[in-house]
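The values are calculated or read from the model by the stated rules, or taken from the named source; none is laboratory data. Keep in mind it's a predicted model, so treat the numbers as computed, not measured. Cβ sites come from the backbone with ideal geometry, for glycine too, and all protein chains shown count toward neighbours.
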């Protein structure tokens with residue numbers, strides 16, 4: 001499949017055109033220079049042919065961060081088969097643009113000059129000034145108003161081989177009077193500060209889960225004659241997604257680069273370097289693992305500009321992930337914010353591996369104390385294994401893969417009803433269910449009805465009588481009997497279905 005790279009200086013509309021091709025607000029766009037930093041890759045259909053689109057950061061320089069963004073953009077140009085060099089049509093041609101454009105032509109790739117922001121007929125006159133670049137492949141467009149975009153899409157499709165032909169979808173690219181794709185997906189403010197609260201015993205729960213722990217009053221019923229597992233695709237054992245999450249500057253992007261053994265993500269000393277989540281697939285032991293590097297999370301009062309939208313994207317990525325790598329900085333004291341970020345993992349019911357990064361500069365003699373502090377602070381992730389690594393030196397990085405494969409298998413396993421009830425029965429013999437207002441609580445049987453994560457239904461005479469402390473007790477007994485390391489176990493209390501009298 002051919003690769004198409006969108007190259008240009010900051011704020012010329014590269015990410016907006018990227019979104020236009022995908023026909024969704026995938027890349028974050030704003031008027032702030034340097035919004036796009038990493039290379040964002042997506043597969044798309046242009047007219048009726050498949051292509052991989054590479055959205056790049058701006059060709060700018062001046063500080064460490066922008067120099068690295070520029071380096072990544074040039075790397076994408078070398079990798080691509082087709083290059084769109086985009087400029088701002090509201091300004092006069094600049095010598096830097098000509099220099100960059102000629103350098104791209106010398107790469108021997110198919111290159112087109114795209115003059116964006118030609119918003120009306122009067123501005124078309126400015127387009128003539130760009131013919132001094134000496135190319136016939138020049139397109140004057142307005143992404144904000146969807147002017148001239150179809151001609152550019154048609155040209156792109158002509159450069160793609162017929163072997164990448166798909167069912168004709170050209171009707172999706174009809175010209176419209178206005179297509180507003182600027183800005184973030186919505187203007188809602190999302191904040192991590194109110195994700196969860198603490199109960200009396202020190203455990204943290206998301207608000208909706210906390211309510212469920214106190215009272216299980218579901219209206220739906222469970223048919224006791226049903227003993228079947230909700231089907232899931234067997235490919236989940238061979239393909240799964242892993243979100244890398246943590247606060248700013250804990251080394252998430254460095255960890256991604258170390259995992260895939262490539263400088264995929266921009267890494268710098270600037271806090272909040274990653275804005276748009278990026279993903280990268282990696283093959284390990286015949287498994288396809290897609291790593292998602294998410295934006296670092298700050299305290300609410302320190303969220304700056306486009307970082308608000310980055311946090312929204314992080315939350316969205318967690319919705320689609322299977323396992324989370326919670327990255328903590330082992331060289332610094334842990335913060336309350338680390339706990340609140342971890343609450344997102346609990347809220348999304350993800351498998352989890354806790355990664356203590358920067359172990360090469362941590363106080364190793366405090367190993368036992370650091371591990372104990374993690375267990376004390378993150379009690380709600382008690383099931384998550386802990387691994388110490390150094391993304392900088394790649395120390396023990398391979399151990400992460402081994403643990404992820406094991407966690408994914410645990411995430412997908414199904415326990416037979418007979419074995420499950422055997423464990424539940426033994427647990428009840430040790431500690432009987434407490435009564436509720438003097439009424440006896442009876443648990444008839446249990447069965448697993450779903451995986452990823454494993455969900456178990458408890459059929460009872462009084463579902464409200466299952467206290468969350470007894471639920472936790474049953475969870476511990478399940479972990480003693482079966483390997484559920486790295487994954488949450490969810491119990492659901494159901495009333496026994498009443499049989500209708502004839």
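Kindly indicate whether residue 356 is outside any helix (DSSP H, G or I) and either modelled with pLDDT of 95 or more or surrounded by fewer than 23 Cβ atoms within 10 Å (Cβ to Cβ) (or both).
Considered against the rule, which asks whether it is outside any helix (DSSP H, G or I) and either modelled with pLDDT of 95 or more or surrounded by fewer than 23 Cβ atoms within 10 Å (Cβ to Cβ) (or both), residue 356 comes out as yes.
Residues are listed down the side, and each one gets a yes or a no for (1) modelled with pLDDT of 90 or more; (2) not in a loop (DSSP other than H, G, I, E, B):
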{"site": "6", "(1), (2)": "yes, yes"}
{"site": "10", "(1), (2)": "no, no"}
{"site": "44", "(1), (2)": "yes, yes"}
{"site": "61", "(1), (2)": "no, no"}
{"site": "67", "(1), (2)": "no, yes"}
{"site": "76", "(1), (2)": "no, yes"}
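I'd like to check something: does the range 276-294 contain any residue that is modelled with pLDDT under 50 and in contact with a helix residue (DSSP H, G or I) (Cβ under 9 Å, 6 or more places away or on another chain)? Reasoning before the result, please.
The first filter runs over the range 276-294 and keeps only residues modelled with pLDDT under 50, leaving none.
No.
Can you name the residue in the range 95-119 that is touching a strand residue (DSSP E or B) at 6+ places or on another chain (Cβ under 8 Å) and in a loop (DSSP other than H, G, I, E, B) and, of all such residues, is surrounded by the fewest Cβ atoms within 10 Å (Cβ to Cβ)?
Restricting to residues being touching a strand residue (DSSP E or B) at 6+ places or on another chain (Cβ under 8 Å) and in a loop (DSSP other than H, G, I, E, B), the top hit is 107.
Which condition from (1) farther than 26 Å from residue 347 by Cβ; (2) out of contact with any helix residue (DSSP H, G or I) (no Cβ under 8 Å at 6 or more places or on another chain) is the one that residue 467 breaks?
(1)
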